[in-house]
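What follows draws every value from the coordinates through simple rules; no lab data is involved. In this text the structure is predicted, and so the values were computed from the model without any measurement. No Cβ is skipped: glycine too gets one built from the backbone with ideal geometry, and neighbour counts run over all protein chains shown.
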Amino acid sequence: MKKKAHPKYYNEVKIACACGASFVGGATVSEIKVGICSQCHPFFTGKSRFIDTKGRLERFQEKRAKAKQNPLKKKIRKKKK
């Protein structure tokens, strides 16, 4: 059997969520940071909320508001005879 074929396994790894919750588990890396967990996921909490990363939601809402304010004007084409 080859030596060093498998990565080192850590039995107690701190898993930290963006909401502030932390868990202990096992993995091949020493520390894990996640964006969503069972304590803040809408499926488990029953609450719906937007999870915004890097302002994407705000940019989308701004574009949508501009589109409502300035609807596209349809160009009327002249029929060729």
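Overall size of the stretch 10-69 from C-alpha positions, given as principal axis extents largest first: 56, 25, 15 Å.
Sorted on the mean count of surrounding Cβ atoms within 10 Å across their residues, most packed first, peptides 12-18, 28-34 read 12-18, 28-34.
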